[in-house]
Amino acid sequence: MTLRTLPRSRLDRVLPPLLRESALVAIVPVADHAHWSAEAVWAVARAATAGHEDRRRAVALVDLCLESPLLHQARAIASSPGIAEAFASDAPLTEVAHDVDGVYFIPAGSDVQDPDAVRHSPRWSRLQAGFRSERALLLVCLPAERLLELGAVPDGVIALAPMGIDLGSPSGRALLAARERGVELLGVVRERWTASQPALLASARPHRLRPAVVAAGAALAIVSVALLATAKEAFKPDPGKPPPSGDSITGRDPSAMPVPVLPAADSSAWTLQFAAYGEPERALAHVDRLVAAGLPAFVSPLTPDTSGAVWYRVLAGAYATREAAAEARQECWSRGLAAAGEGKLLLAPYSLALRHPADGARLRAAGLAPVRWGERGPVLVGAFEHPEQAAVARATLERADIATTLITRTGPTP
């Protein structure tokens, strides 16, 4: 297994498309060279501000190497109040942020009394939600061994290692543990490309590399400063109103979520798999982005091994032949819905059809997103390569008192 290489000299080209959909990303130094690691962290942060579509992205960088702060000395910033003090007093991050090279830098702090409380704080989830709502990016730098202590699940992890990562090292095992938690391992920052690499951590999926044009604007500073204030960390419900009903995962009204329609065809056995997540809310968010772009996408849960862990696959479309699926994937690449090389062609002819289509409004609360087979066809859950794969979805629906029937999408159109 290999981890995608991110050459330090090309981060401004490689990172923007890789981080486009992320709101919270962990940066993990795994080298013994503190100076090199600190400079690499700053290089990642600067490259991330490039954004996309000629727009500069708001980026905040937090030093969570609390026991041995790593970043302030690399920019000759004196020790000052930082994330520890802000969390201890529940103060807005604007009070401890420094504008450094276009990045809003929050140091570890001058009085870190309880590092574990800072990393475990539920405030990280609120910050993640706030940054996502503003399409901004929060970068946190912390040791690999502390990844699972973070009070939110990062959208991705970037490792820093000039010579690569040994799978059996403590850092390598910590990254693998994060991957089991559902965190995507985005790549490893190295000094240069290499023709051959040692065994690393995750299957590489080549991304389309395209230059990002940086255009700074006055609005960036306004958005960034507002984002760091406590009030912008999350969308909090009005205490005078009852909580929303239905969708316990996303807080959205399930009845208002459109059910995408698969084109009617007598055979629709092929589909595209774009990702698999360990947490349903991340799969639903990915599906929502694809549906908003006009691509019929849905969630298919399964347990791929004997560990019992459930993975939520993000699938899109249904096609009669492998060639048709490949053409659809190529169109997704050209439209920017997926990076070049992403998208597995999957022969998965089985689905669960809801006996009562109205039950589809209740699926998101269970971490599932349905799709309809044709304008007047049945509402389907998942796409499976063989009937046994449907067991997880069937059990989930049975617990919600939703009746289903296993069908194949290879007969006459309903």
Would you check the accessible area of SER9, probe 1.4 Å, heavy atoms only, in square angstrom rounded to 10?
100 Å²
Amide H to amide H under 5 Å from VAL261: which residues, 5+ apart in sequence or cross-chain, H placed 1.01 Å off N in plane?
ARG372
For the stretch 277-414: Kirkwood Rh in Å [reciprocal of mean 1/r, alpha carbons]
15.4 Å
Added length on full extension, which subtracts the Cα-Cα distance from 0.36 nm per residue, ILE407 to SER9:
138.1 nm
Keeping all protein chains in the complex and leaving out DNA, RNA and ligands, what accessible area do you get for ASP32 with a 1.4 Å probe, in Å² to the nearest 10?
150 Å²
Ordering GLU385, GLU279 by the accessible surface of their heavy atoms, 1.4 Å probe, largest first, yields GLU385, GLU279
Three-way shape label, the stretch 1-117, alpha-carbon gyration tensor, a/c 1.5:
prolate
Provide the solvent-accessible area of HIS98, counting protein heavy atoms only and rolling a 1.4 Å probe, rounded to the nearest 10 Å².
60 Å²
So what is the relative contact order for the stretch 1-83, in percent, with contacts set as C-alpha pairs under 8 Å and at least six apart?
28 percent
Cβ charges +1 (Lys, Arg) and -1 (Asp, Glu), total dipole of the stretch 352-414, debye:
180 debye
Taking a ≥ b ≥ c as the square roots of the eigenvalues of the Cα gyration tensor, with a/c under 1.5 meaning rounded and otherwise prolate when a/b exceeds b/c and oblate if not, the stretch 47-166 is rounded
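The values are calculated or read from the model by the stated rules, or taken from the named source; none is laboratory data. Bear in mind that the values here come from a model prediction, so they are computed numbers and not experimental data. Cβ coordinates were reconstructed from backbone atoms using ideal geometry, including for glycine residues, and neighbour counts include every protein chain displayed. Quick note on the areas: whole protein, heavy atoms, side chains included, nothing else; ligands and nucleic acids left out. Shrake-Rupley method; radii C 1.70, N 1.55, O 1.52, S 1.80 Å.
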